[in-house]
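The structure appears right after this line, and notes come after that.
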């Protein structure tokens with residue numbers, strides 16, 4: 001298997017060298033700075049969230065957490081760009097050609113000498129330019145919590161929920177718009193990221209220090225990125241060789257004995273070539289059993305992760321990036337007696353859990369420029385993923401291997417003017433799965449060629465209309481036709497209305513996507529005639545910007561509904577001894593209403609208050625029921641205060657979680673527990689997280705606590721004393737498994 005990976009890697013890099021893969025539109029790059037007076041001197045800082053727009057159009061971008069922007073060329077050069085930010089004087093700059101990096105400085109507006117204008121750079125914001133409702137989480141926002149990996153990057157965001165899938169393996173899953181994360185397309189730099197067999201532990205595969213930003217798009221996504229998105233898209237941008245950060249080191253230790261370390265280094269090879277190496281290690285070797293149920297509360301983990309990437313930039317000709325990622329992880333858990341007695345996996349005496357995972361990914365993406373037609377762009381994307389794991393759940397084994405090849409060719413241009421643009425192309429997806437659950441073998445090969453077309457219309461800087469469609473032919477399920485549309489309307493300078501509608505498809509992986517059920521003695525009953533999942537999603541939002549307490553504030557109200565035409569139903573209600581997988585027979589839908597308010601009640605204090613209500617139902621056993629483990633409502637209040645010189649920062653987040661339905665548990669199982677009462681609905685509970693950060697020159701020292709209320713789910717494992725008998729179940733998880741935890745760490749960075 002390793003030999004095949006190495007051979008394919010060599011072939012892949014050779015193939016890239018001769019074909020130059022991935023598309024990026026021709027673009028104008030630059031950095032926006034703000035000027036801050038200090039006595040007789042001036043300090044210049046990058047300005048985050050500034051709008052950069054082509055004059056006379058609505059085509060633009062916002063600067064990232066380093067003040068940088070990459071603006072696609074949607075006009076004929078020379079043309080002017082307008083750079084603006086609330087509280088600052090706008091700047092208009094003439095762009096004659098691409099290939100150089102612009103430096104733009106905005107000055108704060110001031111009419112009286114006695115008036116001091118200051119602003120704090122936001123860590124998270126809703127993009128004002130995207131036609132799709134997109135929430136951007138920057139690295140500074142992620143640093144408000146112990147963001148050790150992607151699963152912990154959403155602690156200050158109410159749109160995405162993260163929870164454990166079982167009480168033994170440590171696997172985590174996300175929810176968005178009231179549905180599991182498998183219905184949200186997880187991308188890494190606009191290419192497919194965690195999918196297929198990597199779903200159970202995929203959130204932990206992306207270290208927090210590696211991430212530059214996360215974009216959360218809700219509703220139907222662009223057809224350019226495939227047919228799989230149903231509820232939205234989460235796109236992770238990693239740090240890049242050409243970025244301002246040349247060196248970064250992060251170290252983390254928790255009170256439970258968790259150790260993590262990340263090292264990032266960027267280097268220039270020549271004026272055209274640059275590279276970056278990112279390494280990450282994690283060790284959790286402390287056997288913790290705080291609830292005294294004879295099972296470890298957290299699995300033992302050993303992980304090594306390395307990413308090596310390069311960039312080649314030939315201004316006016318091409319721009320290309322390529323690299324590879326290799327990760328190896330070992331997890332062990334189960335009964336404490338399993339480790340105390342040195343038992344082997346598969347032992348009938350003690351319950352032991354173990355997973356050994358190896359992942360290899362390679363990618364390449366290239367954009368080509370046209371000297372005689374600057375509005376056009378051509379490029380390709382290519383990615384390869386190899387995933388393999390060997391797992392033991394008690395006496396049950398689950399092994400799997402996945403090889404995926406992804407290719408995408410794109411061409412974009414104007415239709416007469418910059419107000420009319422289109423992107424078209426073809427794609428190819430190849431998935432080869434091989435799974436073995438005990439003595440049952442499941443293998444399948446999916447081949448999906450496709451084509452797409454997306455048209456964008458801009459009108460009077462007020463309206464943006466996106467119409468897209470794609471057709472894919474799946475060798476197992478036939479034709480997928482995916483129409484999607486997005487509407488963006490600026491009612492006035494302060495109010496934006498968005499609406500979207502579209503369809504999505506996906507091929508389910510019953511075992512991998514429900515691996516938490518393996519921590520039970522349920523028998524998996526999988527129907528032979530499973531069809532592709534198919535769903536419609538539609539909804540909209542209103543964003544309003546205004547002044548509150550004398551400072552800028554914003555509010556967002558949104559509603560989305562997902563209707564399934566077909567869905568993989570996982571029935572754990574009808575028979576406690578079985579997990580039954582079959583096609584949907586009836587209705588299945590999810591309604592999601594959310595409101596969010598962002599404000600600055602006093603200087604340097606950012607507050608976010610949000611509330612979400614979810615009604616997710618599915619037909620199970622001829623009855624339309626609430627989907628299990630989906631909170632009926634969720635609220636959040638998050639505050640961040642920084643001192644004037646930004647040396648100290650204090651962060652506090654409270655999460656209010658409403659009740660969720662728990663699948664039915666028969667009385668015979670409940671009676672196995674002395675003084676135990678099994679709920680049909682989980683209670684409401686509150687989680688409190690806090691962190692303090694001190695910044696000194698290039699170093700950040702941080703310390704904090706998670707789950708300060710020390711709330712944990714009681715009896716997360718049913719019948720833990722008899723794990724090989726009827727009634728054992730560690731998959732009925734609705735709340736936190738780990739109690740109060742404290743941590744500390746440091747970050748050290750050197751910029752160019």
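The values are calculated or read from the model by the stated rules, or taken from the named source; none is laboratory data. On a predicted model such as this, the values are computed, not experimentally measured, just so you know. Reconstructed Cβ throughout: ideal geometry from the backbone, glycine too, with neighbour counts over all protein chains shown.
Being free of Cβ contacts under 8 Å to residues at least 40 places away in the same chain and assigned to a strand (DSSP E or B) is the filter here, so list the residues in segment 566-587 that pass it.
The answer is 566, and nothing else.
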- When you go through 200, 209 one by one, which is the residue that is in contact (Cβ under 8 Å) with a residue 12 or more places away in the chain, touching a helix residue (DSSP H, G or I) at 6+ places or on another chain (Cβ under 7 Å), farther than 16 Å from residue 706 by Cβ and not in a strand (DSSP E or B)? 200
- Message: It is to be established whether one or more residues within segment 182-189 are surrounded by fewer than 24 Cβ atoms within 10 Å (Cβ to Cβ) and part of a loop (DSSP other than H, G, I, E, B).
- Response: yes
- Item | Residues satisfying the stated conditions in segment 694-723, i.e. assigned to a strand (DSSP E or B) and either closer than 26 Å to residue 646 by Cα or assigned by TED's automatic domain parsing to the domain that holds residue 254 (or both) | 694, 695, 696, 699, 700, 701, 702, 703, 704, 705, 706
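Each row is one residue, and each column tells you yes or no for (1) buried (at least 18 other Cβ atoms within 10 Å of the Cβ); (2) in contact with a helix residue (DSSP H, G or I) (Cβ under 8 Å, 6 or more places away or on another chain); (3) closer than 19 Å to residue 719 by Cα.
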residue: 293; (1), (2), (3): yes, no, yes
residue: 300; (1), (2), (3): yes, no, no
residue: 339; (1), (2), (3): no, no, no
residue: 351; (1), (2), (3): yes, yes, yes
- Message: Residues that are over 30 Å from residue 333 (Cβ atoms), out of contact with any strand residue (DSSP E or B) (no Cβ under 7 Å at 6 or more places or on another chain) and not in a strand (DSSP E or B): does segment 429-452 have at least one?
- Response: no
- Task: Name the one entry in 431, 372 that is surrounded by fewer than 22 Cβ atoms within 10 Å (Cβ to Cβ) and either touching a helix residue (DSSP H, G or I) at 6+ places or on another chain (Cβ under 8 Å) or over 30 Å from residue 27 (Cβ atoms) (or both).
- Result: 431
- Task: Taking residue 220 as the residue in question, decide whether it is surrounded by 21 or more Cβ atoms within 10 Å (Cβ to Cβ), out of contact with any helix residue (DSSP H, G or I) (no Cβ under 9 Å at 6 or more places or on another chain), modelled with pLDDT of 95 or more and over 26 Å from residue 301 (Cβ atoms).
- Result: no
- All-but-one check, residue 306 against (1) in contact with a helix residue (DSSP H, G or I) (Cβ under 9 Å, 6 or more places away or on another chain); (2) at pLDDT 95 or above; (3) surrounded by fewer than 19 Cβ atoms within 10 Å (Cβ to Cβ), failing number (1)
- Task: Report yes if residue 738 is within 25 Å of the chain's Cα centre (by Cα) and in contact (Cβ under 8 Å) with a residue 24 or more places away in the chain, otherwise no.
- Result: yes
- Message: Quick check on residue 398: is it within 24 Å of residue 510 (Cβ to Cβ) and part of a strand (DSSP E or B)?
- Response: yes
- Message: Against the definition (in the same structural domain as residue 49 (by TED's automatic domain parsing), at pLDDT below 85 and farther than 14 Å from residue 32 by Cα), how does residue 129 come out, yes or no?
- Response: no
